[in-house]
1. Where nothing but the Cβ of Lys and Arg (+1) and of Asp and Glu (-1) is charged, how large is the charge dipole of region 387-474 around its Cα centre, in debye to the nearest 20?
2. So how long is each side of region 282-387 along the principal axes, counting just the alpha-carbon atoms, biggest first, in Å?
3. Just need the relative contact order of region 305-360 here, percent rounded to a whole number, with Cα pairs under 8 Å and 6+ apart.
4. Could you work out the local net charge near residue 143, counting Lys and Arg as +1, Asp and Glu as -1, over the other residues with Cβ closer than 11 Å to its Cβ?
5. Considering only the chain, what is the antiparallel percent among its DSSP beta bridges, to the nearest 5?
6. State, as an integer percentage, the relative contact order of region 363-450 based on alpha-carbon contacts under 8 Å between residues 6 or more apart.
7. If Lys and Arg each add +1 and Asp and Glu each add -1, what is the summed charge of the other residues whose beta carbon sits under 13 Å from the beta carbon of residue 91?
8. Quote the relative contact order of the chain in percent (integer), defining contacts as alpha-carbon pairs under 8 Å separated by 6+ residues.
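Only the coordinates and a few stated rules stand behind these numbers; no lab work does. Note that this is a predicted model, so its numbers are computed, not measured. Positions of Cβ are generated from backbone atoms using ideal geometry, with glycine treated the same way; all protein chains shown enter the neighbour counts.
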Amino acid sequence: MKRLTLLSLSALALAACSGSPLVAPDNALSSEPLARRSSKDRISIYVTNWDDDGHGSFRWAIEQANADPTIAEIVFTKNVQPVNLESTVTFSGTQALTIDGQDAIIDGTDAGGSALVADGGASLKIKDLTVQNAPGEGIAVEIPLTATGTIKVTLERVTIMDNAGHGVLVNDQVDPETVDGVQPNAAGSAASLEVEVIESHILGNGYSVSDRDGVRVNEGGAGSLSFVSRETTSEDNAADGIELDERGDGNVVIDVSDTHILRNGKFDPLDFDDGFDIDEYDAGSIIGSLVRSEAIDNYEEGLDFNENNAGDLRVDLSEVTANGNDEEGIDYEEDDDFAGGGDLVTKMVDIIANGNRGDGGLKIREKGLGSLVANVSGVQASGNTVSGIAVREDDLGSLSSTIINAETRANAAHGIDFDENSDGDLTATVSNSVSSGNTLFGVRADEAGAGSGTLHLIPVDLTGNTGGTTTGNVVPTITP
Ligand SMILES: [Ca+2]
Ligand SMILES: [Ca+2]
Ligand SMILES: [Ca+2]
Ligand SMILES: [Ca+2]
């Protein structure tokens with residue numbers, strides 16, 4: 001048992017007189033009222049009961065932070081029982097705030113909307129907290145149009161579960177809704193967004209209207225969107241497991257590792273959704289990496305990365321599994337919807353994309369001005385409904401691809417399909433690979449318009465393909 005110092009005893013007496021709850025945090029060594037502790041430059045407020053409101057409640061703590069910009073932290077006392085919110089709790093302060101849940105549960109069943117909203121444009125860190133059952137968003141961070149700089153939202157060891165809106169929404173777009181693919185107003189603030197989701201679990205959110213995701217980040221106006229996910233699972237959400245939507249100037253930068261994206265997207269049969277969906281528009285690129293991660297059994301694509309307008313798509317993959325999705329396992333598209341130039345450059349290592357229904361295993365597609373460079377080493381892409389691996393480059397620009405240690409079997413089209421259209425060269429090598437038992441050909445390489453075609457196969461087992469070994473107008477050089 002902790003010894004109480006005279007100082008803390010007097011604090012307890014003071015707290016008792018002032019009506020503060022008598023639940024002291026472990027480190028209660030201050031003469032301030034118990035629900036309020038200051039260190040040198042940080043004031044903390046303690047949540048000491050599970051009431052909806054009133055002194056010591058979570059709502060009260062947020063109200064204190066709204067009124068006092070020197071409050072930097074809200075800490076739940078250990079063993080606070082589930083807090084049943086009777087309305088939304090809104091943090092409107094402009095100071096950076098940390099909410100340390102100490103494993104508490106915020107239940108939004110009776111909140112009448114989102115559980116927790118932050119709309120002051122401040123950075124927010126939430127850790128060790130469960131947010132569940134809200135009829136709106138679990139956590140919604142709405143960025144004011146006047147925001148500038150970089151706003152950081154960090155979630156550490158949170159569980160976001162069974163909220164009817166997005167599980168987590170970070171929104172910097174005036175109107176993020178799309179009607180038939182058109183967005184009425186995607187303007188946003190000048191601020192950039194940095195969102196980090198660490199060791200967290202996002203599940204079962206979004207079952208209300210179409211397009212409600214596990215984690216959804218909308219960035220509009222100037223500024224970039226940076227997204228980090230580590231040791232996180234997003235599963236069984238109604239629309240996308242994770243969706244990043246970046247508009248206006250600015251990049252999407254991702255750093256994703258040990259992330260599991262499972263069975264998302266089943267809610268709207270007219271528009272099923274993906275595991276992990278990135279849409280980038282206007283000037284800017286998609287850049288980054290995804291490692292030791294999986295996107296499995298989602299109702300549309302496993303990974304659906306779309307870069308539009310000016311800018312490149314440059315995302316590398318390592319140890320990624322994308323099996324059993326209802327469209328492509330992995331789908332990279334550069335300027336597929338809106339042209340503007342830019343390249344698609346990717347290095348993929350140790351990829352598994354098997355048994356995707358309704359489309360191919362691994363599809364890499366560059367359109368408009370710009371070239372494609374795809375180097376893939378160690379890949380299984382078998383039993384998919386279209387080709388195992390499809391690499392396609394359109395309009396101006398060249399296609400350059402090396403595929404090493406591939407296994408593409410029993411796909412319902414080609415095993416591997418290289419397709420270069422219009423001006424530009426096709427240069428492809430497949431080595432130490434098996435492309436066998438596919439419905440069409442083992443390898444197809446086709447080069448159209450101006451330019452030359454080169455295909456090296458060193459060596460590749462092309463037995464048992466129904467269509468034959470190779471096809472297309474590029475005659476392969478075969479090293480047995
Ligand atoms: Ca912005
Ligand atoms: Ca952009
Ligand atoms: Ca582009
Ligand atoms: Ca091109």
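1. My answer is approximately 440 debye.
2. Ordered largest first, region 282-387 gives principal extents of 34, 24, 19 Å.
3. Relative contact order comes out at 50 percent.
4. That sum, taken over residues with Cβ under 11 Å, equals -4.
5. 5
6. In percent, rounded to a whole number, it is 29.
7. Local charge sum for residue 91: -3.
8. This gives 6 percent for the chain.
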